[in-house]
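Report on the following structure.
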Amino acid sequence: MQGWTSRELEKRIRRLLRSLDVQPPLSVPDLCTALARHRGRHIELRAFPLRADGPLGAWLETPQADVIVFQRETTAHHQDHIVLHELGHILADHPGPPGGVVWEALLPGLGADAIRRVLLRCSYGTEEEQEAELVATIVGEWAAILDHVTPAVQSDDLSVRRVQSALGDHAGWL
């Protein structure tokens, strides 16, 4: 784990979001697609009815892809936050717990030996959990701000978006 200060982490996330060219309004699946393209690894999102007394999400790093499992039995807004939290673990390069966890029942077709890292967490007591939650909060807050200050019509033309960005309000991602 990197051990970022809150300010360093915020600057790093802002730089990354700018480099991904993610445009408001925020779509978590679009953010995942852009991040996957940037990292050269597919990110697969899977909604699943997780147990109420367990974690609400998990990130599984396999040789083929990053798989984010999130609670299906909650609101769309909460699902987005869960996914953003798991992306926080990816962005901070957090290691998984030692030892194997059997996931075949949860994720059919994904053998336990194919899983290199599993991040399953239920509390925010560790530095890693606090860091991942901070990433989710930062991205969520910036998205909320940008959704209110960005013109509703965004151009598909990158040159036009750059001009809009240069002349527009610099709250949020910048």
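Data for the structure
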item: Residues satisfying the stated conditions in segment 1-47, i.e. out of contact with any Leu (no Cβ under 7 Å at 6 or more places or on another chain) and small (Gly, Ala, Ser); result: GLY3, SER19, SER27, ALA36, GLY40, ALA47
item: Selection within segment 149-166 - modelled with pLDDT of 65 or more, in a helix (DSSP H, G or I) and open to solvent by 50 Å² or more (accessible area, probe 1.4 Å); result: LEU158, SER159, VAL160, ARG162, VAL163
item: Residue, nearest to GLY140 (Cα to Cα), within segment 42-87, restricted to residues that are at pLDDT 90 or above and of a type in the set (Asp, Glu); result: ASP80
item: LEU9 vs. criteria out of contact with any strand residue (DSSP E or B) (no Cβ under 9 Å at 6 or more places or on another chain) and touching a residue at least 40 places away in the same chain (Cβ under 8 Å); result: yes
item: Per-region count, segment 119-133, residues part of a loop (DSSP other than H, G, I, E, B), at pLDDT below 50 and in contact with a helix residue (DSSP H, G or I) (Cβ under 7 Å, 6 or more places away or on another chain); result: 2
item: Close pairs from segment 19-40: first at positive phi, partner surrounded by 13 or more Cβ atoms within 10 Å (Cβ to Cβ) and at pLDDT below 95, Cβ under 9 Å, at least 6 apart; result: ASP21/ALA34; ASP21/ARG161
item: Residue check for VAL69: over 17 Å from GLU129 (Cα atoms), surrounded by 16 or more Cβ atoms within 10 Å (Cβ to Cβ) and hydrophobic (A, V, I, L, M, F, W, C); result: no
item: Flag for ILE90 being of a type in the set (A, V, I, L, M, F, W, C), in contact with a helix residue (DSSP H, G or I) (Cβ under 8 Å, 6 or more places away or on another chain) and modelled with pLDDT of 85 or more; result: yes
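The values are calculated or read from the model by the stated rules, or taken from the named source; none is laboratory data. This one's a predicted model, so the numbers in the text were calculated from it and none came from an experiment. Note that each Cβ is placed from the backbone with ideal geometry, even for glycine, and that neighbours are counted across all protein chains shown. Surface areas here come from the heavy atoms of the whole protein model, side chains and all, with no ligands, DNA or RNA. Shrake-Rupley method; radii C 1.70, N 1.55, O 1.52, S 1.80 Å.
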